[in-house]
Amino acid sequence: MDVKKEIKSLLNQAEVYKSQGLVKEAGDKYIRAAKLIQKNAKNIGNHKSLLQSISKQIRLVKESIRKQEEEPADREMSEQVQEIIRTKFAFSQDEKRLEIDGAIALAKFGQYARALDEFKKILGKEDFRLEAAKNIIRCHIARDVPDDAVRQYNNWLSETFLPGEQLGQIHRLLQDILKKKGIDTLLSAPEEIAETEGESSPAETAPGLNENEILDISSVGITIPEAEDRSRTYEYDVSFQSGSIINLLISDRDHSFLKSIKKGTVLEQTQFYSPIAMFEGKSLVVSVSRIESGPKTGHYSVDIQIQSI
Amino acid sequence: MANINLKAREIEVKIVYYGPGRCGKTTNLEQIFKAFRKQVTGQMVSADTEGDRTLYFDFLPMGLGKIKGYEVRVQLYTVPGQVKYASTRKMVLREVDGLVFVADSLEVRREKNMLSLKDLHMNLKDYGLTIFKVPLILQYNKRDLGEQGLPVMPVSLMERDLNRQLKVPSFPASAIKGEGVAPTLKACLKLTLQSLKKQLGW
């Protein structure tokens with residue numbers, strides 16, 4: 001192709017890519033055009049002004065790429081968007097859970113201010129009070145304002161709103177998060193907890209793990225080193241959690257995973273995902289049973305116990 | 001499976017438009033919003049960035065009338081295409097009933113198409129679904145850009161890249177002009193409703 005035509009074509013492509021929002025591709029075409037002009041400068045009368053103009057375009061493209069890369073991955077959305085998240089991303093089959101699931105969905109989408117409002121409303125409901133309170137703490141931490149989490153905890157501590165046992169769980173949760181973040185604030189423990197400090201953990205808790213220190217896990221990633229002759233990581237949403245026991249519903253199509261586990265199998269590489277962080281740890285398969293009735297007939301219900309985080 | 005409300009006799013079907021960044025997913029929904037006035041039951045809601053890229057999703061509710069006495073409501077979503085929004089894409093995909101994969105016909109986006117389809121495959125797998133069984137339609141968008149002198153892949157090459165194993169219905173389109181948008185949606189709804197009927201034993 002004639003060089004001038006080729007340059008024209010490249011600049012045309014760059015313009016269209018830019019208009020399509022394909023800024024990286026636009027930048028590539030501008031750079032190719034500039035190189036071609038430099039190489040054939042002798043034959044192009046206005047090469048200096050052309051190069052100047054292209055350099056300006058390249059700068060603009062780079063600026064646009066930088067802005068995109070620096071754009072925060074989440075920001076507060078309109079009430080309309082938040083309402084869709086709250087109502088359409090709560091998937092629980094249990095109607096009672098829909099409200100708290102909606103609030104959790106808001107938090108997952110980074111809508112922390114609205115999520116906080118929703119969790120505060122749920123605090124009034126006894127069945128979900130502890131879960132809502134824990135998530136309030138997590139929202140403050142996710143917003144990177146641990147001071148607000150501490151202030152909230154201290155408010156609860158000075159009130160009689162949360163029962164001592166639940167307050168103790170919040171205390172442990174927050175103290176643990178602060179420690180992991182390297183914040184040396186020491187929280188006052190509720191009286192009942194302070195009195196029982198040093199007592200052993202409940203019997204059903206895995207050795208070395210305090211039941212109350214376990215975060216709510218939303219999903220797990222389990223790596224089986226020799227699944228189908230290669231290392232594979234299986235990810236599953238948590239169906240429900242009771243302390244250190246996590247229940248997973250596994251489709252019967254997941255043959256390779258189901259073949260790799262049985263009661264007593266130790267899953268050495270387990271990743272636990274909570275709404276605020278991911279932890280590496282170990283878990284133990286405590287039961288595997290086939291579901292014989294209902295909409296999940298044929299699936300497998302697998303209980304795993306967190307051994308270490 | 002679709003959300004079925006026995007009391008209200010309603011079926012809620014979720015269709016997700018998937019594909020690489022800037023392939024035209026949002027444009028598809030905008031065209032549907034214009035062209036399917038009778039079926040659209042609410043506003044199109046977009047959660048986008050300042051740079052006009054989809055941040056979380058676009059949402060468009062539609063109504064398809066009654067099937068076996070059940071009101072069928074369809075919710076169309078798009079996912080954010082940019083690589084960095086992987087977790088949001090996965091969240092939007094949850095409980096999906098039908099999919100439209102929008103591929104970009106521009107040659108420079110060939111690899112992005114393939115990576116995005118692979119990403120879809122992996123995300124579906126994580127939800128216990130297989131890309132080979134979920135109702136899926138491919139759309140080869142931006143066919144019009146060839147007229148502007150841009151290198152566009154022939155449909156045969158896109159079929160080879162993306163549909164060789166899947167063998168699902170595919171449609172060329174120019175969403176910006178509204179071309180190919182309706183056939184894509186109709187084909188996806190048809191497949192999705194067929195799959196739903198099968199699941200419900202109707």
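The values are calculated or read from the model by the stated rules, or taken from the named source; none is laboratory data. Since this is a predicted model, take the numbers as computed values, not measurements. Virtual Cβ from ideal backbone geometry, glycine too; neighbours counted across all protein chains shown.
Points to keep in mind about this one:
- Taking each residue of segment B:146-163 that is assigned to a helix (DSSP H, G or I) and looking for partners that are among the β-branched types (Val, Ile, Thr) with beta-carbon atoms closer than 9 Å, six or more apart or interchain, yields B:146/B:152; B:148/A:16.
- Output for segment A:4-30, where each listed residue is assigned to a helix (DSSP H, G or I), within 18 Å of residue A:68 (Cβ to Cβ) and hydrophobic (A, V, I, L, M, F, W, C): A:14, A:23, A:26
- Note on segment A:231-258: among residues that are more than 18 Å from the chain's Cα centre (by Cα) and of a type in the set (Asp, Glu), the one that is nearest to the other protein chains (Cβ to nearest Cβ) is A:254.
- Picking from residues in segment B:71-108 that are within 8 Å of chain A (Cβ to nearest Cβ) and among the β-branched types (Val, Ile, Thr), the one that is nearest to residue B:45 (Cα to Cα) is B:88.
- Contacts under 6 angstrom Cβ, first residue in segment A:296-307 being of a type in the set (Asp, Glu), partner surrounded by fewer than 18 Cβ atoms within 10 Å (Cβ to Cβ) and at pLDDT 80 or above, 6 or more apart: A:303/A:247; A:303/A:286; A:303/A:287
- Helices (runs of 4 or more DSSP H) contained entirely in segment A:36-116, each with at least 3 residues that are outside the structural domain of residue A:139 (by TED's automatic domain parsing) and among the aliphatic types (A, V, I, L, M): A:47-70
- Residue match in segment B:120-132 (condition: within 16 Å of residue B:17 (Cβ to Cβ) and not in a helix (DSSP H, G or I)): yes
- Residue count for segment A:2-18, restricted to those that are within 10 Å of another protein chain (Cβ to nearest Cβ) and surrounded by fewer than 20 Cβ atoms within 10 Å (Cβ to Cβ): 5
- Looking across segment B:25-57, the residues that are under 18 Å from residue B:84 (Cβ atoms) and facing another protein chain (nearest Cβ under 10 Å) come down to B:47, B:48, B:49, B:50, B:51, B:52, B:53, B:55, B:56, B:57.
- Cβ separations smaller than 6 Å between residues 6+ apart or across chains give the following pairs from segment B:118-135 residues that are in contact (Cβ under 8 Å) with a residue 40 or more places away in the chain to residues that are among the β-branched types (Val, Ile, Thr): B:135/B:192.
- Residue B:73 at pLDDT 95 or above, over 14 Å from the mean Cα position of the chain (by Cα) and under 24 Å from residue A:92 (Cβ atoms): yes
- Residue in segment A:191-205 that is at pLDDT 70 or above and over 22 Å from residue A:171 (Cβ atoms) present: no
- Yes/no for residue B:64 being in contact (Cβ under 8 Å) with a residue 24 or more places away in the chain, assigned to a strand (DSSP E or B) and more than 11 Å from chain A (Cβ to nearest Cβ): yes
- Residues of segment A:35-76 satisfying the condition of being among the hydroxyl-bearing types (Ser, Thr, Tyr) and surrounded by 11 or more Cβ atoms within 10 Å (Cβ to Cβ): A:53, A:55, A:64
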